[in-house]
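Note sheet for the following structure.
The values are calculated or read from the model by the stated rules, or taken from the named source; none is laboratory data. The structure presented is a predicted model; accordingly, all values stated were derived computationally and were not measured. Here the Cβ positions follow ideal geometry from the backbone for every residue, glycine too, while neighbour counts run over all protein chains shown. Keep in mind that these areas ignore ligands, DNA and RNA; they rest on the heavy atoms of the full protein, side chains included. Shrake-Rupley method; radii C 1.70, N 1.55, O 1.52, S 1.80 Å.
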Amino acid sequence: MSPSQHINALQIEGLTVRHGGVVAVADAALRAAPGAITCLVGMNGAGKSSLLRAIVGLAASEGDISLGTRNLSRLPIEARIHAGIAYVPEGRRVFPGLTVGENLLVAGPSGARLRRQRLDRALDLFPQLRPRIQDRAWQLSGGQQQMLAIGRALMAEPDVYLLDEPTLGLAPQIIDDVAGSLRQLAEEGAAILVAEQNAGFAERVADEIVTIQTGRIMPDRPGRIDT
Amino acid sequence: MNPSTLTRHRWPLVAGAGALVIYALFFASSYDQRILTLSGIYVIMVLGYQFIFGHAGALSLAQGAFFGVGAYVTGILASKFGTGFVLTFPLSVAGASMLALIVAVPVLRLASHYFALATLALSQLLLLIAVNWEAVTGGANGLPGVPPISIGDWQATRGLPLLLFVWGLAVVAMLIARWQLRPARVAAFTVMRDTPLAVPAFGIDPGLLRLRAFLLSAAFGGAAGALFVHTNRVVSPETLGFGVMITCLTMTVVGGRFGILGAVIGALLLTHLPEWFRGLDEYYLVAVGVLLLAMVVFAPDGLASFFKFSGSTHTPISTPAQPGSTEYAPPVASGRPVLEASNMSRRYGGVQALDGVDLALGAGEIVGLIGPNGAGKTTLANIITGIARADTGNIRSAGLDLARATPTAIARHGVARTFQTPQLPDGLTVREAVETAAANAGDTANVRGAATAAEAIATCDLSDIADTRCGTLPHGLRRRVEIARALAGGPHLLVLDEPAAGLAPEEQAEIAQILRTLAGSGLAILVIDHNLEFLQPLATRLACLDAGRLIADGPRDDVLANDAVQAAYFGLVMPTSTSGVSA
Amino acid sequence: MLGAQLALNAVALGAAYALVAIGFVLVLNATTAVNFAHGESVVAGGFAAVALTGALAMLLPAGNAIPGIVLLPGVLLLTALLGLAIAALAYLPIRNRPPVSVFVTTIAFGIIVTNGLNAAFGAAPRAAPALLGTGTIEFLGVTASRQSLAIIATAVVLIGALAFVLQRTQLGRQFRACAQDPEMARALGIRLTRITLLAFALGTAFAGAAGLLLAHQFFVTPSDGAGLILKAYIAVVIGGWGSLRGATIGAMLIAFFEVGVASISSQPLAEGLLYVAVLLVLLVRPDGIFGEPQRLRA
């Protein structure tokens, strides 16, 4: 897919997430632009995961979440995904008992032919997975599972990728591979939002860095953050 | 909860109990008394069922079978041989318990649904025997002519004497239940339900705990069955039928899975409901099904939970303490390693997760274990703590053969661990969780009971949140609680699986500081982590695994400079192999 | 000759048991829920056939025998609706609670079905019509009962259609993804509630079909549920938790065991030995005979 205008930006306005009585995210505003990697950095417990989960609909929230001109905030999870959001959760969460191929296909669109094409594309981006396509996902190493999780998100050809701590627990060499694949997806025009506490990684891959502290998005500090 | 609210909530119960006694003594017809007698019998049965279904959290479908065995033991002995209650009652209890003990071997280690299946199969089997072995059981018609309860010259005739006798035994059953469910054991049961993976890390033997619950449930069930036969004066296959099991399950769900009040409410209500809803005729049992379904959906903790105090927590059992006064020196001659492992190997399917690894740790040493994903780091931790078994290898710590000992025995011996994802019981407070670990630690030289627990809490700087429930804690604190839990067993070796993962730099620094203090007092520490920023200043020695092989082990700077480590870990050169199982 | 006939009977019985076991696994795989009302669903299928026969008999001129196969679509439909009711009342409201809660609600649902049928039809055994008439046909020198052959053919068609869906289609993959990580499945856009309802409907309809198949030769009584769920359960345990192929093999083994022991001894002994065998199997292999818990395979 060529970088094109029809890909939508993700826009968040006044988003608040509560866990029990605790405010995890307070009145957050954020924009993830097409063709760019936006990194959401912050310490553990700052609210990064809660923010991403709220965008997908896995956590209840108040406020506006829109994709292009479409407001997603009232939609159930499935509808948000179909609107063009893909989510790569913390801890990968591949389906352990499905094969690598099935893990990818299950996330694909209806239409067998289209699914096959997308499968090929995912395997092109992550060639390490190709020889293991018949293996069960639990047999993969942590790094390979991370690639599978990203590949799975790619199957829906979303406008927006949400990735929660994609480098957690990965060896430095694998982190480089992950960074490379994210860059490629951005170049193809997708909007990418990465929650990350590895500031080094964020600095390396991000076009834009947004800092979140105790549930609040910090005022714009264009360019690089201090590490 | 202050005393006045307590009294306020207890008040209606005391009044209700009083009214019930007055009703039973002065107003109940002989038929009403019979129903009340049955209630008392079911109280005993449900109290027993609470052990296995409530506390152990396992759906046993054998409670009806234990009831039936108790019934048949009494029925056969009393009607055929005229044996007296003094002998038949203990034999009924013993018979049910014996059956539980025999089937415990295949049944108790099974996971939830397998356990339910196995206990259901047992019940169906006994029912088949009762119906078909006519010579002994009287077949489908059963055995009539069971005499009333008599002890010496006294006879519990139908009516008030039998009613009072049965409820007297119900009170005895309540006292036994109370005695068995002391706070430490209730906490151990909670750990078993909430964090099955970490049960051994608490020093709890899950098999023993479950066996205790199963035997108690069987003994109570057998007692109830015996009393039932004396009340009915006949024993028939009905006592073994699924209906009894359903009744018991419904009473427990409706009344409550925990506590005496739940048992009493459930038993009283379900024995009286058919009387109140006679108009429903054959649809009465449909209504029971609807009630059971509705209770689980809308009031899963049972009616007893509406009386607030019944769920109140037990009192803390601890004393305040100073951090760091415990010595974690191992019970070995100084200079000898705390952990000696050689030639550890383990295959998973086609993957060699560990391949001939040697590793030794000395007292007071902090060793960092690094390696790429799938290198076998977690496998190594699992093997040292007995959760996984090595295919080959000699692993010893302070005289214990870790390759053969159970995970619980290893934890009690003083080899503690934490998990990649902290495993803490949501339902317990920090203090309760740590104290449970201390209370179950066995006779490790370093443990002095609650004092050790309090010290561990202080050492990990958790005193402020000691009375917070683990389930509400944020991730960073959970990691520290896990370390405190590990320390409560008075370990001499601590294995930490990615203790810094997901922590902010400040939180990592706190953990590092705690670990340094502990090493200073003699604890040997093995830290598995990726994060060199965390490990580098902490570990004096590093070991590096790659594809199951130990490719370097030595002083930190030597290992980091090692070419093989550079290649495997930092990817400067393509590693020789990238295969491996998930870390 | 006698041996061949016995074997055919065993295969027919095994085919019916396989439908029960497969229905059980379907729900299990899509939801991880253990449906203890599944035995009662078989019984409900039997009574659905009895009731439909009665209704059709009023429409047709007297004396016309109704072949059971005509009832199959109606039985499938009615029991699919029952499955939806089980899902809506006993599973969906408590899907996020510990599994034991679902055991209890489905047991409760079973009580409702058993006693509802008992009140409506009475406790006496009832029979459904034969699928394609009674009698025998000569086949390769073997005298085969028409009913046995019809049972086998019906089961093969139903199981074949299902296997195709699960192994070759997106729906099948979605089923299995939902079983392994329902939240993640939703986060990939899979409509979890729809899959859940479908699984309960299909699984219960399979049980219902088995009820129709079994209720001619073996009759059906409202209280048969406990024995049937146990057999389904045993088949699934023998075959490996979550495996459809294993469940089918397990069902066949149970049927051969039952028919074999009953032919040289008695039915109660066959049943009793079956339960003893379960306990022994679990003693030796707590995960079942072919079972490897990680591998949920269609």
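Worth pointing out:
- Residue within segment C:186-193 that is open to solvent by 10 Å² or more (accessible area, probe 1.4 Å), more than 27 Å from C:Val276 (Cβ to Cβ) and of a type in the set (Ser, Thr, Tyr) present: yes
- Remark: A:Phe95 matches the filter, which requires a residue to be at the interface with chain C (Cβ under 9 Å from one of its Cβ atoms), of a type outside the set (Lys, Arg) and under 19 Å from the mean Cα position of the chain (by Cα).
- In this structure, C:Gln167 qualifies as of a type outside the set (D, E, K, R), more than 14 Å from chain B (Cβ to nearest Cβ) and in contact (Cβ under 8 Å) with a residue 40 or more places away in the chain.
- Qualifying residue in segment B:147-160 (condition: open to solvent by 50 Å² or more (accessible area, probe 1.4 Å), over 21 Å from C:Ile107 (Cβ atoms), within 14 Å of chain C (Cβ to nearest Cβ) and polar (S, T, N, Q)): no
- Subset of segment C:1-56 that is away from chain B (no Cβ under 14 Å), crowded, with 24+ Cβ neighbours inside 10 Å and among the β-branched types (Val, Ile, Thr) - its residue that is farthest from C:Gly122 (Cα to Cα): C:Ile22
- The residues of segment B:263-296 that are over 22 Å from C:Leu117 (Cβ atoms) and surrounded by fewer than 16 Cβ atoms within 10 Å (Cβ to Cβ), listed by number, are B:His272, B:Glu275, B:Trp276.
- Qualifying residue in segment C:84-107 (condition: open to solvent by less than 50 Å² (accessible area, probe 1.4 Å), touching a helix residue (DSSP H, G or I) at 6+ places or on another chain (Cβ under 7 Å), at pLDDT 90 or above and farther than 27 Å from B:Ala294 by Cβ): no
- Looking across segment B:330-361, the residues that are modelled with pLDDT of 65 or more and part of a loop (DSSP other than H, G, I, E, B) come down to B:Arg336, B:Pro337, B:Val338, B:Gly349, B:Gly350.
- Residues that are without any contact (Cβ under 8 Å) to a residue 24 or more places away in the chain, within 7 Å of chain B (Cβ to nearest Cβ) and farther than 16 Å from C:Gly39 by Cα within segment C:98-107 comprise C:Val100, C:Ser101, listed in sequence order.
- Within segment C:133-181, tally of residues that are closer than 30 Å to C:Val220 by Cα and modelled with pLDDT under 85: 10
- Where B:Ala173 falls short, out of the listed (1) crowded, with 16+ Cβ neighbours inside 10 Å; (2) out of contact with any Phe, Trp or Tyr (no Cβ under 9 Å at 6 or more places or on another chain): (2)
- Residues of segment C:216-275 that turn out to be more than 27 Å from C:Leu132 (Cα to Cα) and aromatic (Phe, Trp, Tyr), as a count: 3
- Of residues in segment A:185-211 being part of a loop (DSSP other than H, G, I, E, B) and of a type in the set (A, V, I, L, M), the one nearest to the other protein chains (Cβ to nearest Cβ): A:Ala190
- Odd one out for A:Arg113 among (1) within 14 Å of chain B (Cβ to nearest Cβ); (2) farther than 24 Å from A:Ser50 by Cβ; (3) not small (Gly, Ala, Ser): (1)
- Checked against the criterion of being open to solvent by 40 Å² or more (accessible area, probe 1.4 Å) and either assigned to a loop (DSSP other than H, G, I, E, B) or more than 7 Å from chain C (Cβ to nearest Cβ) (or both), segment A:76-84 has at least one qualifying residue.
- Odd one out for A:Phe126 among (1) over 30 Å from A:Leu72 (Cα atoms); (2) without any contact (Cβ under 8 Å) to a residue 40 or more places away in the chain; (3) more than 10 Å from every other protein chain (Cβ to nearest Cβ): (2)
- Checking C:Pro129 against (1) assigned to a loop (DSSP other than H, G, I, E, B); (2) of a type outside the set (Gly, Ala, Ser); (3) surrounded by fewer than 14 Cβ atoms within 10 Å (Cβ to Cβ), the condition it does not meet: (3)
- Per-region count, segment B:357-388, residues under 15 Å from B:Thr540 (Cβ atoms) and without any contact (Cβ under 8 Å) to a residue 24 or more places away in the chain: 1
- Search result, residues across segment C:150-165 that are open to solvent by 10 Å² or more (accessible area, probe 1.4 Å), of a type in the set (A, V, I, L, M, F, W, C) and under 30 Å from A:Ala112 (Cα atoms): C:Val156, C:Val157, C:Leu158, C:Ile159, C:Ala161, C:Leu162, C:Ala163, C:Phe164, C:Val165
- When the helices (runs of 4 or more DSSP H) confined to segment B:1-93 are screened for residues that are at pLDDT 90 or above, open to solvent by 10 Å² or more (accessible area, probe 1.4 Å) and of a type in the set (Asp, Glu), those reaching at least 1 such residues are found at B:30-49.
- Checked against (1) more than 14 Å from chain A (Cβ to nearest Cβ); (2) closer than 22 Å to C:Ile107 by Cα, C:Thr196 meets all criteria but (1).
- Residue check, A:Ser181 at the interface with another protein chain (Cβ under 9 Å from one of its Cβ atoms) and of a type in the set (Ser, Thr, Tyr): no
- Residues in segment A:104-140 that are closer than 16 Å to A:Ser181 by Cβ and among the polar types (S, T, N, Q): A:Gln128 only.
- Residues that are open to solvent by 10 Å² or more (accessible area, probe 1.4 Å) and either under 21 Å from A:Asn8 (Cα atoms) or among the aliphatic types (A, V, I, L, M) (or both), drawn from segment A:88-104: A:Val94
- Residue check for C:Gln147: part of a helix (DSSP H, G or I), open to solvent by less than 20 Å² (accessible area, probe 1.4 Å) and of a type outside the set (A, V, I, L, M): yes
- Residues in segment B:281-302 that are within 7 Å of chain C (Cβ to nearest Cβ) and in a helix (DSSP H, G or I): B:Glu282, B:Tyr283, B:Leu285, B:Val286, B:Val288, B:Gly289, B:Val290, B:Leu292, B:Leu293, B:Val296, B:Val297.
- Residue identified as open to solvent by less than 20 Å² (accessible area, probe 1.4 Å), assigned to a loop (DSSP other than H, G, I, E, B) and not aromatic (Phe, Trp, Tyr) among A:Leu162, A:Leu170, A:Leu182: A:Leu170
- Considering residues of segment A:130-159 that are open to solvent by 10 Å² or more (accessible area, probe 1.4 Å), in contact (Cβ under 8 Å) with a residue 24 or more places away in the chain and within 14 Å of chain B (Cβ to nearest Cβ) only, the residue nearest to C:Arg176 (Cα to Cα): A:Arg136
- Any chance B:Ala381 is surrounded by fewer than 19 Cβ atoms within 10 Å (Cβ to Cβ) and in contact with a strand residue (DSSP E or B) (Cβ under 7 Å, 6 or more places away or on another chain): no
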